[in-house]
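A short worksheet on the structure shown next.
The values are calculated or read from the model by the stated rules, or taken from the named source; none is laboratory data. A quick note: this is a predicted structure, and the numbers were derived from the prediction, not measured. So basically every Cβ, Gly included, is an ideal-geometry build from the backbone, and we count neighbours across all protein chains shown. Note: areas computed on protein heavy atoms with side chains; ligands, DNA, RNA excluded. Shrake-Rupley method; radii C 1.70, N 1.55, O 1.52, S 1.80 Å.
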Amino acid sequence: MDTSGALDRVTCAFRAVLPSAAGPGRVLKVMDRVERSERADRLVDAVREGVRAVPMGRARDVLHGRWLGHPVHPLMVQLPLGSWMSAAVLDFVPGQRRAARILVGVGLLTALPAAAAGWTDWAELRRPQMRVGLVHAAANAAGVALYATSFAARVRGRYGRGRAWGLAGLATVGVGGAVGGHMAFRQASGANHAEHVPDLVGADWHTLGDLADFPVGAPVRSHLSDEPVVVLREASGTIRVLADHCSHMGGPLSEGELVDGCIRCPWHGSTFRLADGWNTTGPATAPQPAFETRTTGTRVEARLMTLDEALPSRTDDAHNER
């Protein structure tokens, strides 16, 4: 038997499918076509409007994960995936049929809130991410349907069929998870798009511009060490400065609306407090880098505000809410 020849064929197959020195591979090429395809855009728009129309109130921020500081959907999917993977193991352990059936049922129940969080996040993404998100959701929905079939078979005592349907469901949600990984790590869905600012700006004072460059009451886009910032000169003379690219998806806050001492991103509506950058409403789950300012003559300077410096205003705000 020519084992070296077989190994070469397997290696070539992997190189054709997965990224390698030769190129991106078939998987990434397919994902790239999905990102750029406009065929499903009418469906994307209809579903997005449907998700946004659901009257969730503050529950929307809860599902976004604002209370946690990052998206809650990746955390919530651990419950159904963990249950189903455990059920797959128990399916091959004698005497554990009932336990495996219970785990499949737990996975089905916990998949519902995980999906709700996922759809809530999905509705606030960029269009290429939303296109891939539909594939992610379709794979997961198919996986849930397979597990529902598996559970029904187990309830009827058809454990062989139940195990087979369960394995098919596990493989399908695995594909969905891989697509979700593409969204999170290649398309940066749910990532903090302002995380790099402290490293680029540093802790030193930087010249922001002349005082006359900043009209009272109007947000203005400026730069600190080539990093775009939004500057607001208040009627009291206080100058507020935040990183301009919204932490949610990089929207331009300098084009946003001023609301009660905050600025609202024009892309998806995230609201940040001008005093310290705190994200008062989602979908953003991370605050904006904020800067303290000083004026020397007519020259305005700014430097990055540390968490300890921003903390007093955030603590006072939380106390006032109580």
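Can you find even one residue in segment 64-85 that is over 19 Å from Asp121 (Cβ atoms) and in contact with a Gly (Cβ under 7 Å, 6 or more places away or on another chain)?
Yes - at least one qualifying residue is present in segment 64-85.
Just wondering, is there one or more residues in segment 134-141 that are more than 28 Å from Gly50 (Cβ to Cβ) and either out of contact with any His (no Cβ under 9 Å at 6 or more places or on another chain) or among the small types (Gly, Ala, Ser) (or both)?
Checking segment 134-141: not a single residue is more than 28 Å from Gly50 (Cβ to Cβ) and either out of contact with any His (no Cβ under 9 Å at 6 or more places or on another chain) or among the small types (Gly, Ala, Ser) (or both).
Just name the residue that is surrounded by the most Cβ atoms within 10 Å (Cβ to Cβ) out of those in segment 187-242 that are among the hydrophobic types (A, V, I, L, M, F, W, C) and free of Cβ contacts under 8 Å to residues at least 12 places away in the same chain. I'd like the intermediate steps shown before the answer.
Start the filter on segment 187-242 by keeping residues that are among the hydrophobic types (A, V, I, L, M, F, W, C), which leaves 188, 191, 194, 197, 200-201, 203, 205, 208, 211-212, 214, 216, 218, 220, 224, 229-232, 235, 239, 241-242.
Those left that are additionally free of Cβ contacts under 8 Å to residues at least 12 places away in the same chain: 188, 191.
Numbers: Ala188: 15, Ala191: 18.
By that ranking, first place goes to Ala191.
Yes/no matrix, rows are residues, columns are (1) farther than 25 Å from Leu125 by Cβ; (2) at pLDDT 95 or above; (3) surrounded by 12 or more Cβ atoms within 10 Å (Cβ to Cβ):
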{"residue": "Asn279", "(1), (2), (3)": "no, yes, yes"}
{"residue": "Thr296", "(1), (2), (3)": "yes, no, no"}
{"residue": "Met305", "(1), (2), (3)": "yes, no, yes"}
{"residue": "Glu309", "(1), (2), (3)": "yes, no, yes"}
{"residue": "Ser313", "(1), (2), (3)": "yes, no, yes"}
{"residue": "Glu321", "(1), (2), (3)": "yes, no, no"}
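I'd like to verify a number: residues in segment 55-81 that are without any contact (Cβ under 8 Å) to a residue 12 or more places away in the chain and either under 27 Å from Ile102 (Cβ atoms) or among the aliphatic types (A, V, I, L, M) (or both), how many? Steps first, answer last, please.
Taking segment 55-81 as the starting set, the residues that turn out to be without any contact (Cβ under 8 Å) to a residue 12 or more places away in the chain are 55, 57-59, 62, 67, 75, 78.
From what's left, either under 27 Å from Ile102 (Cβ atoms) or among the aliphatic types (A, V, I, L, M) (or both): 59, 62, 75, 78.
Residues that pass the stated criteria total 4.
Keeping to segment 119-177, report how many residues are among the β-branched types (Val, Ile, Thr) and open to solvent by less than 30 Å² (accessible area, probe 1.4 Å).
Start the filter on segment 119-177 by keeping residues that are among the β-branched types (Val, Ile, Thr), which leaves 120, 132, 135, 144, 149, 155, 172-173, 175.
Adding the requirement that they be open to solvent by less than 30 Å² (accessible area, probe 1.4 Å) leaves 120, 132, 173.
Residues in segment 119-177 being among the β-branched types (Val, Ile, Thr) and open to solvent by less than 30 Å² (accessible area, probe 1.4 Å): 3 in total.
Mind checking which residues of segment 77-98 are assigned to a helix (DSSP H, G or I), among the aliphatic types (A, V, I, L, M) and open to solvent by 30 Å² or more (accessible area, probe 1.4 Å)?
If the condition is that a residue be assigned to a helix (DSSP H, G or I), among the aliphatic types (A, V, I, L, M) and open to solvent by 30 Å² or more (accessible area, probe 1.4 Å), then Leu79, Leu81, Met85, Val89, Leu90 are the ones that fit.
Where in segment 163-270 are there strands (runs of 3 or more DSSP E), lying fully within it, with 1 or more residues that are within 27 Å of the chain's Cα centre (by Cα)?
On the way: elements: 206-210, 220-224, 227-233, 239-243, 257-259, 262-264.
Strands (runs of 3 or more DSSP E) meeting the threshold: 220-224, 227-233, 239-243, 257-259, 262-264.
Tell me the residue from Arg101, Arg42, Arg60, Arg52 that is closer than 30 Å to Gly269 by Cβ, more than 21 Å from the chain's Cα centre (by Cα) and part of a helix (DSSP H, G or I), please. Give the steps one after another, and end with the answer.
On the way: Arg101 fails: closer than 30 Å to Gly269 by Cβ; Arg60 fails: more than 21 Å from the chain's Cα centre (by Cα); Arg52 fails: more than 21 Å from the chain's Cα centre (by Cα).
Only one candidate passes the filter, namely Arg42.
Could you say whether any residue in segment 215-237 is at pLDDT 95 or above, of a type in the set (Val, Ile, Thr), out of contact with any helix residue (DSSP H, G or I) (no Cβ under 9 Å at 6 or more places or on another chain) and closer than 18 Å to Arg303 by Cβ?
The answer is no; no qualifying residue exists.
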